[in-house]
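Below is one structure, written out as structure tokens; the observations come after it.
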Amino acid sequence: MENIIGKDVRQYEGVILRNMTVGDDVILGDHVFAVDSVIGNHCTVERRGMVFNSCIGDYSYTGYNAVIKHVQIGRYCSLSWNVSLGGADHDYKSLSTHPFLFNSRYGLCGDARGGTPLSKKDVK
């Protein structure tokens, strides 16, 4: 998979990009790691930031150590240092995203590795 990199992108030491689209005039700080995402124009991802399966809108930036997973961030957004957004790939159609449905230590299913959960219905 190939990266698409815009004009005037500044990548500092240790940046790793995999299957990325990066807009124009973007700053990627030291040791940024980004995969399967889109970073818009005039954005900054500060050092040690991680971006996974996400989209960051134009003119937005993240502070140091930000972790962005499965999130769409709009334009002109400012995220502070050490912020984590998104997370695990939860089944949002399930009764709950809490592990009590799938972990036997809670006594509601038989298999700690993801056994059959309680009956579920669509959440509306």
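The values are calculated or read from the model by the stated rules, or taken from the named source; none is laboratory data. The structure displayed is predicted, hence computed values, not measured ones. Counting neighbours? That spans all protein chains shown, and the Cβs are built from the backbone with ideal geometry, glycine included. Heavy atoms of the whole protein, side chains included, go into the accessibility calculation; ligands, DNA and RNA do not. Shrake-Rupley method; radii C 1.70, N 1.55, O 1.52, S 1.80 Å.
Just a few scattered comments:
- Taking GluC sites (Glu not before Pro) across the range 1-81, the ones in a DSSP loop with at most 10 further Cβ atoms lying within 10 angstrom of their Cβ are Glu2, Glu13.
- Which of Ser96, Ser37 is most accessible, then next, and so on - probe 1.4 Å: Ser96, Ser37
- Other residues lying with their Cβ under 14 Å from the Cβ of Glu2 contribute a combined charge of 0, Lys and Arg counting +1, Asp and Glu -1.
- Local electrostatic count, Asp25, Cβ distance below 12 Å [Lys/Arg +1, Asp/Glu -1]: -1
- Only protein heavy atoms count here; on that basis, with a 1.4 Å probe, Arg18 has an accessible area of about 130 Å².
- For the range 8-57, the fraction of alpha-carbon pairs in successive 10 Å shells from zero, as %: 32, 65, 3
- Working value for the range 3-86: equivalent-ellipsoid semi-axes of 15, 13, 12 Å, each the square root of 5 times a Cα gyration tensor eigenvalue, largest first.
- Within the full protein context, the accessible area of Asp25 is estimated at about 60 Å² for a probe radius of 1.4 Å.
- Near Asn41, once Lys and Arg are set to +1 and Asp and Glu to -1 for all other residues with Cβ below 12 Å from its Cβ, the sum equals -2.
- Working from label points 7 Å from Cα in the Cα-to-Cβ sense, the Ile16 to His70 distance is 2.1 nm.
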